[in-house]
Amino acid sequence: MRVTPSMMARSILGNITRGSTRIERLHEILASGKKVLRPSDDPAAARGILADRGRLDAVAAYKNSISSARAVMSVMEGALVTAEESLVRAREITLEGANGTADLAQRQALALELDSLRQSLLVAGNASVEGRYLFGGGRTTEAPYYLSQGRIAYRGDDGGREVAADVLDRVGVTVPGRSVFSVSPAELDGTFDLNPAVVTGTPLADLLRGHGVVLGQMRITDSDGAVGVVDFAGAVTVGDILARVNAAGTAVTASLTPAGDAIRLTDGGSGPSFTVEDWGGSIAASELGLAGTSDTGSMDGLDLDPKLAHWNTLAMLRGGAGIAPGILRISNGTTADRREATLDLTGAVTVGDLAEAIAAARDGEGRPLGVTLAFTDGGAGVALRSGRGGTTLTAGDVAGGGLGAALGIAGSSDSGDVFSLLQSLADTLRAGEGDPEGVLQRGLADLVTALDNVLSARAGIGVRLNRLERIESRLLDEELAIESDLDTLESTDLAQGITDLTLASQSYEAALGIGGRILGPSLFDYLR
Amino acid sequence: MSGLTGILALARRALQAQQLGLSVTGNNIANVNTPGYTRQDLLLVSDAVRIPGVGGLGTGVSLGGIQRSRDAFADAELRRENHVLGYWTARNQFLKRVEALNNEVLAEGLTQALSDFLTSWQELSDTPEDRLARVNVVEQGESLAAAVAGTAEELRRAERTADETIEAHLTTLNATAERIASLNARIVARSGDSPHLQDERDRLIEEITLLADATVTFQPNGGATVRIGGMVLVDGPASFRLEMQQGSEPGSAARGPVWRHNGATARIAGGQIGGLIAVRDESLAGLRRDLDRFAFALAQEVNRIHRAGTDLDGRQGGDFFLLPAGADELEPAGSAAALRLAPELLENPSRLAAGTGGAPGDNRTALAVAGLRTASLESLGRASLGSFWTATSGRLGSQVREAGDRQVEHGLAVEQLLNLRDSLSGVSLDEEAAKLVAYEQAYAAAARVANVADEMAQTLLSEL
């Protein structure tokens, strides 16, 4: 086969060019340390590299967010520790004030200390990081607790910020102050005395606001002079009393006053007066307000003032005038979690019916309202109480009814907070001796509630910090794995690269050398 | 004629022949490096007359003609391989440039800009009331929009460059076709027998095949007919021109090559022109479509989230990105080039919505936008923004790689075919050297014969 100079030149040049192209590529790989400098170098690896880099960017951002969240949460925790200490000390002070041994000057001192504890709590409640307030919910640009008309008010909201710790991991960071520093749940105190009427079935234990009466004996002398001793031993209900009086063998009969609040003795005899007196060493007649002589033919006893009970019918209330059932709308919630229900109580007969219906109330989404109808302590009334802390409780009549108004529970109430609690405790201590309205006593219970709230908020923070730590640890592991993968995909193996370059250079030089030697000679060099 | 006269004539013819042989050999040697030169061989035949009583008597050598050694099959193979090589070469060169303009692997491309943008939202979610964080988000958004618009502009420029290059190639093609036509005329006038004109014509035809997938048929009269995509480019002395048809609106992309004489679309599927057309209509157009889809989806999603959010003062958020009017999900064309940030955000970063409830510390909108990093979008075929663009640039990388591999592959094939052609039609100096020696010796020998015949004649004359 003919071999022409152009063929040889072409082959040699082709080989040399290929050799130098290879060297150029190897040089690029070694100098940059990367074997993928553009997608076309290795499209599959390039996709992997871009995906890895993207995830690394994301992981770095998540780590940043976690770190920022942890800083905020540790400041919150510190504030809550201060709050806890303040509340514990406040409880000690209140105990001291409540046990009655402190004199006026000492009470003043205790009140002063309560004021300063209140101040500490205020500082804790207004904790901030770089000018961002942590207990104001979403309103982070101004201090949530501020002085307004002599009281400390809350101007935050009920939201809370979440941090994105990973694609699917959202962790709460802040909590609204209202759910941390609240005390007693919201309560709507109703009419103090709904004045249920006494009926024959009223148990003696219910009388005198539940104080109860245990009766002994009384002697009746009617106007005709007939005498009877009534023994109330074993009597259970008011009806029993009436029956025993009526069975005493005198002309005096017992009944209930029309207003249903006392026992009325009526003398059927012809004489001018009749007498009732304590007998047998007891004070039964006095207790019933029936000790004495009447020349009017009848005698009314004391107001028996029964306490309110579940079995009382609505008709018995207001001294027998009764309260008409109706429709109530009740809402109990926060701005973040509103729950409202409309209760049709028109079918309720007894107070117990009302209580049951209210306790079972659920809102439109089936969530329990968390409200109960409770009896007020020391009164014969009811109160609407929220079972959930930090809420606003509102009740009102619907469609022109009057049930709520009559029960005295129409209105709105916020849960109390520690600031107003400490304020009222301090005021009570300053006011004078004793604790006439039981403020200090109730305050002790409220302080326990407040401590619970603070502790559970702290616990919540602890749980969330743990979660963030676990996520962070997982992210760090992932980061290492991705960086290793990235290295595999794009980095040059230096030893391999240098070896390849050496071999390629050798081939290149060989090609150059040989090319030089065979391009030259032809037959012409050997002809004479 | 016989006798001494005959011998002298024989010697004279031999001298002529060997001299001619030397001439032809010399011509070959002179043209050893001439591109496209076909080796010429002198054909010699021996003569004879019949002498009664003696039989056939050779009367020397006569000229059989000059042969041009060309293999039509090898030529045709080479032409075909040429235009395939041209196609992949053009593709490779052009796509490599496009890839270099937006090299995602170097972390300067859209992927990184998008990641930085989303990271800025994540940072905002940590401190939504912070003004600096807002300014950062706005700035990153502006960067991203600029990167998108910039890439769209680069693609547009690449398309225009492709058009310009095609146009330049068409001009070259037309000029070459004209020269072939005039060569045809001259070759036909010489009854198809003029080696150097034929060499020149073959060389020009090969040049054309690098540019386009042309086919050649040789007519009996010696003319060559060149066709591209079924239409005649050159036929005998006539040649036709191709030109670039401009787009319908000024400034819009050109449509493609057409035949000037009848306006028909030229079907050029190979060669450098074919490669550039494919790059422009498939690769670049595909990239532009993907970029528009990306830009539209980005703007649509961010705007949707942003409009539902509230800014630092509790006001409802507006659009974050602005898109051209008329762009929608099915027809997002133009979204990328026109993408920019809503101006009121640039003036007043506190209008940026980070939350949804109106409170300054609410970060739910920021969290939602940051979540776009992994959210799969229906409008992008369930891919996330980042993975969609990564796939696009991966496809471009694959195309570049393929073009490069094919270019090497077909370059080798062309090399081999050229070598084959050379071995059939080229000049080997060794061979020519040997022929020189042969012709020289033959010339000397023929001269000797003439000398001897001359001496014999002298002897005869001196005896008379």
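Using the Cα centre as the reference, give the magnitude of the dipole from point charges on the C-beta atoms of the protein assembly as shown (Lys, Arg: +1; Asp, Glu: -1; all else neutral), rounded to the nearest 20 debye. In total the dipole reaches around 5140 debye.
Peptide B:128-134 has a mean of 2 when you count, residue by residue, the C-beta atoms of other protein chains within 10 Å of its C-beta. I want the local charge near B:SER182. Using Cβ-Cβ distances under 11 Å, sum +1 for each Lys or Arg and -1 for each Asp or Glu among the other residues. For residues surrounding B:SER182, the net value is +1. For the peptides A:496-503, A:83-90, A:461-468, the ranking by mean Cβ contacts within 10 Å, running from highest to lowest, is A:83-90, A:461-468, A:496-503.
Put simply, chain A fits an ellipsoid with semi-axes of 95, 26, 16 Å; these come from the alpha carbon gyration tensor as the roots of five times its eigenvalues, largest first. The local environment of A:THR141, defined by Cβ-Cβ distances under 9 Å, has a net charge of 0 under the rule Lys, Arg +1 and Asp, Glu -1.
Ignoring lysines fewer than eight residues from A:LYS34 along the same chain, the ones with Cα atoms less than 27 angstrom from its Cα are B:LYS96.
Just order A:149-155, B:140-146, B:432-438 by mean Cβ neighbour count inside 10 Å, highest at the front, would you?
Details: A:149-155: 13.1, B:140-146: 19.9, B:432-438: 17.4.
Sorting A:149-155, B:140-146, B:432-438 by mean packing, highest first, produces B:140-146, B:432-438, A:149-155.
Taking a ≥ b ≥ c as the square roots of the eigenvalues of the Cα gyration tensor, the stretch B:201-274 is classed as prolate, since a/c reaches at least 1.5 and a/b is larger than b/c. Amide hydrogen proximity for A:LEU215: with H placed 1.01 Å from N in the peptide plane, no residue at 5 or more positions away or on another chain lies under 5 Å.
What is the order of A:HIS211, B:HIS410, A:HIS310, fewest Cβ neighbours within 10 Å to most? Show your work: numbers first, answer last.
Working: A:HIS211 10, B:HIS410 19, A:HIS310 13.
In increasing order of surrounding Cβ atoms, one gets A:HIS211, A:HIS310, B:HIS410.
Legend: calculated FRET efficiency, A:ASP240 to A:ALA324, from the Cβ-Cβ distance at R0 = 30 Å, rounded to 0.05, equals 0.45.
Could you tell me how many degrees, from 0 to 90 and to the nearest 10, lie between the Cα long axis of helix B:110-126 and the main elongation axis, the longest principal axis, of the Cα atoms of chain B? Long axis of B:110-126 versus the principal axis of chain B: about 10 degrees. The translational diffusion coefficient of the stretch A:1-122, from Stokes-Einstein at 25 °C and 0.890 mPa s with a Kirkwood hydrodynamic radius over alpha carbon pairs, comes to 108 µm²/s. Per-residue mean of foreign Cβ neighbours for A:164-172 is 2 (Cβ atoms of other chains, 10 Å radius).
Rounded to the nearest 500, the helix-only mean residue ellipticity at 222 nm of chain A stands at -15000 deg cm²/dmol, with each DSSP H run of n ≥ 4 adding -39,500 (n - 2.57).
What is the sum of charges, Lys and Arg at +1 and Asp and Glu at -1, for the other residues whose Cβ falls under 13 Å from the Cβ of B:LEU114? Residues near B:LEU114 contribute -3 overall. Computed log10 I(q)/I(0) for chain B at 0.10, 0.12, 0.13 Å⁻¹: -0.86, -1.03, -1.11, from the Debye equation with unit scatterers placed on every C-alpha and solvent omitted. As I understand it, the dipole of the stretch B:293-364 uses +1 on the Cβ of Lys and Arg and -1 on the Cβ of Asp and Glu, about the Cα centre. Which of B:GLY361, B:LEU345, B:GLY314 lies farthest toward its positive end? Of the options given, the answer is B:GLY361. Partner shielding of B:390-401 amounts to 6, given as the average count of beta-carbon atoms from other chains within 10 Å of each residue beta-carbon.
Among A:ALA233, A:GLY48, A:PRO306, flag the residue with its Cα farthest along the positive direction of the charge dipole of chain A, charges on Cβ as +1 for Lys/Arg and -1 for Asp/Glu. The listed residue farthest towards the positive side: A:GLY48. Projecting the Cα positions of A:GLN106, A:GLY125, A:GLY138 onto the charge dipole of the stretch A:98-141 (unit charges on Cβ atoms of Lys, Arg, Asp and Glu, taken about the Cα centre) puts A:GLY138 furthest along the positive direction. Membrane-span-like helices in chain A (whole DSSP H runs, Cα extent of at least 27 Å along the helix axis, mean Kyte-Doolittle hydropathy of at least -0.5): A:5-32, A:43-98, A:104-125, A:439-490, A:494-519.
Any read-out appearing in this document is the output of simple, stated calculations on the displayed coordinates, not a laboratory observation. Every value quoted in this text rests on a predicted model; they were computed, and no experiment measured them. Methodologically, a virtual Cβ is constructed for each residue, glycine included, from the backbone with ideal geometry; neighbour enumeration extends over all protein chains shown.
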